[in-house]
Amino acid sequence: MVQGWIQIAGTLLIVLLMTPLLGGYIARVFLGEPTRFDRLFCPLERILYQLSGIRAHATMSGWHYIQAVLISNLVMAVLVFITLMLQGVLPLNPTGLGAPTWDTALHTAISFVTNTNQQHYSGETTFSYFSQVVALGFLFFTSAATGIAVAIAFIRGLTGRPLGNFYVDLTLAITRILLPISLVGAVILVAAGTPETLAAPVVVPTLENPNVQQAIALGPVAHFEIIKDLGENGGGFFGINSAHPFENPNGLTNLIQILAMIAIPTSLIYTYGIFANNRKQAWLVYGMVFGIYLVFIAIAAIAEYQGNPAINTLLGSPQPNLEGKEVRFGWAQSVLYAVTTTGTMCGAVNSMHDSFMPLSGAVQLANLFLQIVWGGQGTGTAYLFAYLILAVFVTGLMVGRTPEFLGRKIEKREVVLTSLLILLVHPIFILIPGAITLAFPEQLAGISNPGFHGLSQVIYEYASAAANNGSGFEGLADSQPAPTGLWWNLSTSVSLLAGRYIPIIALVLLADGMSRKPVVPMTTGTLRTDTGLFTGVTAGVILIMGALTFFPVLALGAIAEYFQIAGGI
Amino acid sequence: MSIFYEVIKALRITLVLWVLVAVLYPLVILGVGQIAFPYQANGSLIKNDRGQVLGSALIGQPFTGDRYFHSRPSTTNYSSADPQNDTAGILKTGVSGASNLAPSNPALLDRIRGKADRDPQKAIAGTLSVLQQAGIQPTADLLYTSGSSLDPHITLEAATAQIDRVAKARGLSPSQLETLIVQNVDGRFLGIFGEPGVAVLRLNLALDKVTP
């Protein structure tokens, strides 16, 4: 047990040390300040701008920015959809895979362009190397860079700067952050054992019984793997994602993947602190999220370590729940990975969430509901500050002061946009489709685990889609050729799109409005937002809002299942 | 026509970035991997003296007999099939998978405890009784199926619990087996991160070298 906690503590310590370094670097990149790597990157960026015809200094208005996000993402999704449908005639297809069904290709294109990577397919048996590398691997970078660009525009607006140019920020996010880290990370992953080859699967006779053969799937995995995690994408090369020994062969690769997942969402909070010139507030908010993260890890860790009481009776002693977990990760690395991946909206998994104990499942769901522990690539940080604005408004009402954030008045427009963003869109696109699906358990749902857990399976799938996470309680029959595959592909596509683009539109509009507001001078009557008290109130607002909206679902699903197991199945 | 202009602009940047991140970047990593780390980049394949591939050092294989250390139960039987009867096409692509059984699912208990049924087709032997018949003290990793169904490892406890059985079947001393086990442990990274595991395929290959 102690060894497990040491592993967790060690990883978190590295995260803490990494945050100011990477956060400071990101801030310098987007503030246009010189960095050590300018000589390397500036010529590359000049070539890219020239080829794509971008004028690097033209800033965009709010609606123009939104238009650029939507049109570029649409163009990318359409091109990827076409590539997937044509994979049968495209090269690099050693296993001779044909085109997927149209709805699988549609869901996949939407899922990857929205940075979700919900997968209603198995990589080995559905997509060729070409589709994975050229189509899906492309969206790994651009969807992550879109998130970073929106977050930077949001922070700029909040701190009174012009929003910037979407295409410039998109390019910078790739050339300065995602691509360099991926290059280094991918080489380490190959050295540690992750394959990078275009060779076809190898078939060998098994040692014990040569009449039975084993097929070893291969592929260009390493370069795919690192950006999968770093970009909060999460779409595995193989069906079973980072539990596959080729995607994640050992303790080193697992550590790299966890750090890659959490690096940018944590750092962006620090980046905000530099933009706002208020590092104290950044660390306070950081500490609040870190606290929630720690509590979630502890709950899940204890649940998995104690194991399944019904099986422990058969074992004769309490042992960790290892169903769906790999020996090389054990309970500690599986829990840390699971809480991190659901919190950061990465969606990669190194163990099967469906088989986790109920309270761990509740933690995973809570992460998807709250969306801020640490939240998705870029968008998570933006949600966090939207919550702060909401907390300013609530406390302003309570103490009778005019709500202000960073010296700018919070008025009707801001409150409407943030509450639309946080309080309405998310639950609407989880609970309503969830209710429709549950009303037709036979025709639509395809639940594989009976009882309370079945409810969690359905809600998890929509929560994962709307939060742009991508992990799942994967027992659910959500893929073709299951008869429920079509419904799941189409209905989650709606949640994917709504969960991504409505908040992005609202965030950009919010930031655009804030940047135009006059700054009110600070007086003794101003409510300070960089204090421990205010941060505590924000935590309360986040947890109460989240609990009020989603507690009934948790109570009927995971919590009821917990009591069911405690009482003996 | 500003929308038209925007689409052209988006298309241009999409194609430029496409070449950078989906063509050049993978090619660089492919080149570095194949030149600098050819063994890892090609799947850590174990070959015999004649150059035939025996398996991958990172991927487990099914073992159920007395002469070998058993691996963990697998939902895909370690991506293996009888080539004469591979209706699911497992050998065409290779597969991975998991049970995805919830802890509250009665099917999980049935799978482990076994289930009697009048119809012998529907009866389940149960992982627990299989282990007991083989004389193995059950551990969690040997009862629960893995995440990938390809888990190359078992825990040290699970390997130790099998020493007597394998020693008897092979006519080896338990201390010889203990040495072999220790030689085939993959440890934690830096002694901190991850859990140690005994690589079953490599251990069993080493066994075959000692007593073919």
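Any read-out appearing in this document is the output of simple, stated calculations on the displayed coordinates, not a laboratory observation. Only a predicted model underlies this, so the values are computations on that prediction, with no experimental measurement involved. Counting neighbours? That spans all protein chains shown, and the Cβs are built from the backbone with ideal geometry, glycine included.
List the trypsin sites (Lys or Arg not before Pro) within the range A:18-109 that DSSP assigns to loop and that have no more than 14 neighbouring Cβ atoms inside 10 Å. Hits after loop and neighbour filter: A:ARG36, A:ARG55. Placing unit charges on the Cβ atoms of the charged side chains and taking the dipole of the protein assembly as shown about its Cα centre, the candidate lying farthest along the positive direction among B:VAL95, A:ASN469, A:GLY147 is A:GLY147.
The aspartates and glutamates whose alpha-carbon is closer than 12 Å to the alpha-carbon of B:LYS122, local same-chain residues fewer than 8 away aside, are B:ASP110. Computed from point charges on the beta carbon alone (+1 for Lys and Arg, -1 for Asp and Glu), the dipole magnitude for the protein assembly as shown about its Cα centre is near 1820 Debye. At an R0 of 51 angstrom, the distance between the Cβ atoms of B:ALA36 and A:LEU556 translates into a FRET efficiency of 0.45. Ordering A:ILE181, A:VAL553, B:GLN61 by the projection of their Cα atoms onto the charge dipole of the protein assembly as shown, which places +1 on the Cβ of Lys and Arg and -1 on the Cβ of Asp and Glu, puts A:ILE181 at the extreme positive end.
In the neighborhood of A:THR524, defined by Cβ-to-Cβ distances under 15 Å, what is the net charge if each Lys or Arg adds +1 and each Asp or Glu adds -1? Intermediate values should be presented prior to the final figure.
Working: positive: A:ARG401, A:ARG528; negative: A:GLU404.
Net charge in that neighbourhood comes out at +1.
Entry for the range A:143-283 at q = 0.12, 0.13, 0.15 Å⁻¹: log10 I(q)/I(0) = -0.60, -0.67, -0.81, Debye formula applied to identical alpha-carbon scatterers, no solvent contribution.
Calculated translational diffusion coefficient of the protein assembly as shown (10 °C, 1.306 mPa s; Stokes-Einstein with Kirkwood radius over alpha-carbon pairs) equals 59 µm²/s.
Once you sort the root eigenvalues of the Cα gyration tensor of the range A:91-202 as a ≥ b ≥ c, which label holds: rounded (a/c under 1.5), prolate (a/b larger than b/c) or oblate (the other case)? Oblate, since a/c reaches 1.5 and b/c is not below a/b.
Taking the range B:1-105, which trypsin sites (Lys or Arg not before Pro) meet the DSSP loop condition and have no more than 16 other C-beta atoms within 10 Å? Before the final figure, lay out each step's value.
On the way: sites: B:LYS9, B:ARG12, B:LYS47, B:ARG50, B:ARG67, B:LYS92; in loops: B:ARG50, B:ARG67.
Answer by residue number: B:ARG50, B:ARG67.
Explain nothing, just the number: relative contact order of chain A, from Cα pairs under 8 Å at least 6 residues apart, as a whole percent. Walk me through the intermediate numbers first.
Values: 992 pairs, mean separation 105.3, N = 569.
About 19 percent, as a whole number.
Neighbouring Cβ atoms from other chains, within 10 Å of the Cβ of residues in A:125-137, number 2 on average. The convex hull built on the alpha-carbon positions of the range B:76-149 has an orientation-averaged projected area of 6.4 nm². Please report, to one decimal in angstroms, the Kirkwood hydrodynamic radius of the range A:223-279 built from all distinct Cα-Cα pairs. For the range A:223-279, the Kirkwood estimate is 12.4 Å. Rounded to the nearest 0.05, the FRET efficiency derived from the C-beta distance between A:THR59 and A:VAL416 at R0 = 25 Å is 0.50. Dipole magnitude for the range B:46-210: computed about the Cα centre from +1 point charges on Lys and Arg Cβ and -1 point charges on Asp and Glu Cβ, it is near 180 debye.
What is the range A:372-469 by shape, rounded, prolate or oblate, if you read a ≥ b ≥ c off the alpha carbon gyration tensor as root eigenvalues and call it rounded for a/c under 1.5, prolate for a/b larger than b/c, and oblate otherwise? Please report the intermediate quantities before stating the final value.
Working: a/c = 3.42, a/b = 2.62, b/c = 1.30.
Since a/c reaches 1.5 and a/b is larger than b/c, the shape of the range A:372-469 is classed as prolate.
Is the C-alpha gyration tensor of the range B:1-120 telling us rounded, prolate or oblate? Criteria: a/c under 1.5 is rounded; beyond that, a/b larger than b/c is prolate, otherwise oblate. Present the calculation step by step, with values, prior to reporting the outcome.
Numbers: a/c = 3.27, a/b = 1.62, b/c = 2.02.
Since a/c reaches 1.5 but b/c is at least a/b, the shape of the range B:1-120 is classed as oblate.
Between helix B:25-36 and chain B there is an angle of about 50 degrees, using the helix long axis and the longest principal axis of the Cα atoms.
So what is the 222 nm mean residue ellipticity for the protein assembly as shown from helices alone, if each DSSP H run of at least 4 adds -39500 (n - 2.57) and you divide by all residues, rounding to the nearest 500 deg cm²/dmol? Before the final figure, lay out each step's value.
Details: 32 runs with 435 residues, N = 781.
Rounded to the nearest 500, the figure is -18000 deg cm²/dmol.
Projecting the Cα atoms of A:ALA243, A:ALA215, A:SER515 onto the dipole axis of chain A, where Lys and Arg carry +1 and Asp and Glu carry -1 at the beta carbon, places A:SER515 farthest toward the positive end. Taking 20 °C and 1.002 mPa s as conditions, chain B diffuses translationally at an estimated 104 µm²/s according to Stokes-Einstein applied to its Kirkwood radius (Cα pairs).
Looking only at other chains, what is the average number of their beta-carbon atoms within 10 angstrom of each beta-carbon in B:78-85? Intermediate values should be presented prior to the final figure.
Numbers: counts 5, 8, 10, 5, 4, 6, 1, 0.
Per residue, the average neighbour count from other chains is 5.
What FRET efficiency comes out for A:VAL295 versus A:ARG516 if R0 is 45 angstrom and r is the Cβ-Cβ distance? Round to the nearest 0.05. Write out the running numbers ahead of the final one.
On the way: r = 39 Å, r/R0 = 0.86.
FRET efficiency, A:VAL295 to A:ARG516: 0.70.
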